[in-house]
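Colleague: Take a look at the following structure, please.
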Amino acid sequence: MAWMDNRKKMAESPSIAADRAYFDAHDDPAITAEVERQLSRRTRDIRLNGEINRLFRARIWPQTAKIIRAWMIWVAILGVMTLGLNMLLLPPEISITMVLPSMVIPPVALAVALVWGRPRAPWLQGSLLIGGMFVILVSVALVGVNAGGEYYERSLNIMLFVAITAIIIFGVPLLWTAMIAAMAFGLYLVLQLANPALDIGSAVAAALFFATGIFATVAARRNMTILAQKTFLFELRDRHRVAELAEVNDRLEFLARTDPLTGIANRRWMTETINHLWGDGRKCPDRVAMLMCDIDEFKKLNDHLGHAEGDRCLIKVAGIIQEHVRRNRDHVARYGGEEFLVLLPGMGEQEALFVAERIREGVEAAGLLNPTSLVSRYVTLSIGVAVQGPADEAVSSEQLQRNADAALYLAKQSGRNRVVIHRPESSSIRTARRNDDAAEWNAMR
């Protein structure tokens with residue numbers, strides 16, 4: 001039945017699954033505890049390790065990879081453009097010396113961009129990124145070193161700019177960042193010491209200035225990474241809390257629509273279902289049947305056997321009713337103390353009578369004791385049936401329910417333990433007879 005299927009899905013509703021998405025697979029007490037521990041520390045002391053660090057890397061990888069690819073592509077484009085301009089504007093004897101190192105930059109940059117096109121082993125991507133940066137920095141420096149003169153110092157400044165932009169925008173592990181910075185500083189120091197236009201003192205002073213800029217850049221990159229990690233931790237915690245709150249709300253909503261004794265839907269849920277089927281007030285365009293079921297002499301059962309036996313009876317009857325309706329289409333709810341309402345969408349008179357008779361027989365055959373009942377020694381059920389057929393004048397849900405109530409009243413008045421159907425066209429009722437054509441019903445199920 002639709003209600004029972006909804007109940008089985010309660011543990012993980014689609015709305016919650018959609019909201020938690022990535023985090024559901026990693027939501028365990030150990031990670032939750034680690035998130036709280038990290039957030040309790042000072043921002044500068046945050047250190048992500050183990051599984052939570054892997055989650056952070058996986059989380060930021062798409063953005064990091066996109067930035068690295070874009071940076072490498074632009075380096076390749078600028079390398080080609082710079083080479084072309086040098087060939088056009090500089091004397092041939094100078095531009096020729098720049099060709100070889102300039103031609104190395106585009107393919108290396110594009111190769112790194114290609115490697116970062118999809119997730120790969122961290123060691124592989126890290127090695128290729130660091131190796132690619134080394135080749136690019138060396139090539140940028142050699143463009144000026146080979147040309148000599150004023151181009152020597154200019155190329156080293158360009159190398160400084162390339163290294164600093166890479167360090168700042170690459171959201172890679174701090175070790176990778178430090179290695180790129182160390183390579184850039186080492187190249188700068190060696191090439192400045194080898195610069196024929198500078199003495200050793202000037203070369204060391206320039207290298208120290210370069211080191212200061214590199215160190216400040218690495219420190220800035222570290223702070224950016226820590227802030228990104230803290231933001232990730234807040235996101236983890238907030239999503240966990242939102243998911244917990246959504247689960248609690250779903251649970252409360254489920255409880256608000258469930259009869260706590262029988263576990264089936266309650267009157268509120270049935271009312272909402274009827275309103276939805278009738279289009280919130282519009283008349284039902286298709287056939288539908290309602291069964292109003294009432295346990296006979298239930299007060300006597302409670303008075304004689306006690307409320308515990310009465311509760312057991314209600315639970316058993318609710319289960320029997322559910323067993324005899326279509327699982328994914330029909331709706332069953334406890335409508336009052338010992339009353340149950342069954343909604344049968346798309347069902348005509350004969351099918352509804354057959355269902356009602358099967359329910360009545362099932363309750364009678366269960367052999368639930370009701371020794372003081374005037375109807376039988378066992379629990380019995382009276383059922384009123386009302387049907388809105390396709391050829392009938394459409395009626396409102398309230399009118400159809402009143403018809404089912406009227407049929408139930410006459411079932412009680414005419415002896416109980418029977419099924420009575422309301423006939424709208426003649427304003428009369430008749431006692432239902434058992435339908436022997438069980439094959440048709442089984443086909444519907």
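The values are calculated or read from the model by the stated rules, or taken from the named source; none is laboratory data. Just so it is clear, the model here is predicted, and its values are computed rather than measured. Virtual Cβ from ideal backbone geometry, glycine too; neighbours counted across all protein chains shown.
Colleague: Would you say Leu261 is modelled with pLDDT of 90 or more and over 16 Å from Ser397 (Cα atoms)?
Modeller: Against the criterion (modelled with pLDDT of 90 or more and over 16 Å from Ser397 (Cα atoms)), Leu261 qualifies.
Colleague: Here is a check on your reading of the model: is Leu198 in a helix (DSSP H, G or I) and either in the same structural domain as Phe134 (by TED's automatic domain parsing) or free of Cβ contacts under 8 Å to residues at least 12 places away in the same chain (or both)?
Modeller: So Leu198 does not fit the description; no.
Colleague: Going through Phe170, Phe210, Phe185 one at a time, which residue ends up being under 19 Å from Met72 (Cβ atoms) and either in contact with a strand residue (DSSP E or B) (Cβ under 9 Å, 6 or more places away or on another chain) or of a type outside the set (S, T, N, Q) (or both)?
Modeller: Matching residue, one of Phe170, Phe210, Phe185: Phe170.
Colleague: Mind listing just one residue for me: the one in the stretch 206-261 that is within 20 Å of Thr43 (Cα to Cα) and of a type in the set (Lys, Arg) and, of those, nearest to the chain's Cα centre (by Cα)?
Modeller: Filtering the stretch 206-261 for residues that are within 20 Å of Thr43 (Cα to Cα) and of a type in the set (Lys, Arg), the one nearest to the chain's Cα centre (by Cα) comes out as Arg237.
Colleague: If you don't mind, another one. Answer yes if at least one residue in the stretch 82-103 is under 30 Å from Phe56 (Cβ atoms) and of a type in the set (Val, Ile, Thr), and no otherwise.
Modeller: No, because not a single residue in the stretch 82-103 is under 30 Å from Phe56 (Cβ atoms) and of a type in the set (Val, Ile, Thr).
Colleague: Another one. Residues of the stretch 346-379 being crowded, with 22+ Cβ neighbours inside 10 Å and either basic (Lys, Arg) or assigned to a loop (DSSP other than H, G, I, E, B) (or both), which ones?
Modeller: The answer is Met347, Arg360, Asn370, Val379.
Colleague: Among (1) under 16 Å from Gly348 (Cβ atoms); (2) in a loop (DSSP other than H, G, I, E, B), there is one condition Ala404 misses while meeting the rest; what is its number?
Modeller: (2)
Residues checked against (1) without any contact (Cβ under 8 Å) to a residue 12 or more places away in the chain; (2) closer than 21 Å to Ile164 by Cα; (3) among the aliphatic types (A, V, I, L, M):
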| residue | (1), (2), (3) |
| --- | --- |
| Ile52 | no, no, yes |
| Arg69 | no, yes, no |
| Glu93 | yes, no, no |
| Met98 | no, no, yes |
| Leu110 | no, yes, yes |
| Trp116 | no, yes, no |
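Each row is one residue, and each column tells you yes or no for (1) part of a helix (DSSP H, G or I); (2) within 39 Å of the chain's Cα centre (by Cα); (3) modelled with pLDDT under 90.
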| residue | (1), (2), (3) |
| --- | --- |
| Arg20 | yes, yes, yes |
| Asp24 | yes, yes, yes |
| Thr32 | yes, yes, yes |
| Asn53 | yes, yes, yes |
| Trp74 | yes, yes, no |
| Asn86 | yes, no, yes |
| Ile96 | yes, no, no |
| Val104 | yes, no, no |
| Ala109 | yes, yes, no |
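Colleague: Continuing with this model, one more query. Can you name every residue in the stretch 118-138 that is touching a residue at least 40 places away in the same chain (Cβ under 8 Å), part of a helix (DSSP H, G or I) and of a type outside the set (A, V, I, L, M)?
Modeller: Listed by number, the residues that qualify are Pro122, Gly126, Gly132, Phe134.
Colleague: Given the conditions (1) assigned to a helix (DSSP H, G or I); (2) in contact (Cβ under 8 Å) with a residue 40 or more places away in the chain; (3) not polar (S, T, N, Q), report the number of the one that Phe185 does not fulfil.
Modeller: Going through the list (1) assigned to a helix (DSSP H, G or I); (2) in contact (Cβ under 8 Å) with a residue 40 or more places away in the chain; (3) not polar (S, T, N, Q), Phe185 breaks only (2).
Colleague: Just for the stretch 387-408: of the residues that are crowded, with 23+ Cβ neighbours inside 10 Å and in contact with an Asp or Glu (Cβ under 9 Å, 6 or more places away or on another chain), which one is modelled with the lowest pLDDT?
Modeller: Among those residues, the one meeting the criterion is Gln388.
Colleague: Separate question: For the stretch 151-174: of the residues being surrounded by fewer than 21 Cβ atoms within 10 Å (Cβ to Cβ) and in contact with a Lys or Arg (Cβ under 7 Å, 6 or more places away or on another chain), which is nearest to Leu89 (Cα to Cα)?
Modeller: Checked the stretch 151-174; the qualifying residue nearest to Leu89 (Cα to Cα) is Ile168.
Colleague: Quick one: would you say Ala163 is under 18 Å from Thr225 (Cα atoms) and either over 44 Å from the mean Cα position of the chain (by Cα) or of a type in the set (Gly, Ala, Ser) (or both)?
Modeller: Yes.
Colleague: Can you tell me which of Leu252, Leu277 is modelled with pLDDT under 90, in contact with a Leu (Cβ under 8 Å, 6 or more places away or on another chain) and outside the structural domain of Glu34 (by TED's automatic domain parsing)?
Modeller: Going through Leu252, Leu277 in turn, the sole match is Leu277.
Colleague: May I pose another question? Looking only at residues that are among the hydrophobic types (A, V, I, L, M, F, W, C) and not in a loop (DSSP other than H, G, I, E, B) in the stretch 34-46, which one is modelled with the lowest pLDDT? Even if it seems obvious, please write down each step before you answer.
Modeller: Step one: filter the stretch 34-46 for residues among the hydrophobic types (A, V, I, L, M, F, W, C), giving 35, 39, 46.
Those still in the list that are not in a loop (DSSP other than H, G, I, E, B) too: 35, 39.
On the way: Val35: 85, Leu39: 88.
That would be Val35.
Colleague: Return the residues of the stretch 34-50 that are over 22 Å from the mean Cα position of the chain (by Cα) and touching a residue at least 40 places away in the same chain (Cβ under 8 Å); say none if nothing qualifies. Outline the logic, then answer.
Modeller: If we filter the stretch 34-50 for residues that are over 22 Å from the mean Cα position of the chain (by Cα), which is where we start, we get 34, 36-50.
Matches in the stretch 34-50: Glu36, Gln38, Leu39, Thr43, Arg44, Ile46, Leu48.
Colleague: Same structure, new question: Answer yes if at least one residue in the stretch 215-236 is surrounded by 13 or more Cβ atoms within 10 Å (Cβ to Cβ), touching a residue at least 40 places away in the same chain (Cβ under 8 Å), part of a helix (DSSP H, G or I) and of a type in the set (Asp, Glu), and no otherwise.
Modeller: So far as the stretch 215-236 goes, no, none of its residues is surrounded by 13 or more Cβ atoms within 10 Å (Cβ to Cβ), touching a residue at least 40 places away in the same chain (Cβ under 8 Å), part of a helix (DSSP H, G or I) and of a type in the set (Asp, Glu).
Colleague: Output yes when any residue across the stretch 328-336 is in the same structural domain as Leu368 (by TED's automatic domain parsing) and part of a helix (DSSP H, G or I), and no when none is.
Modeller: no
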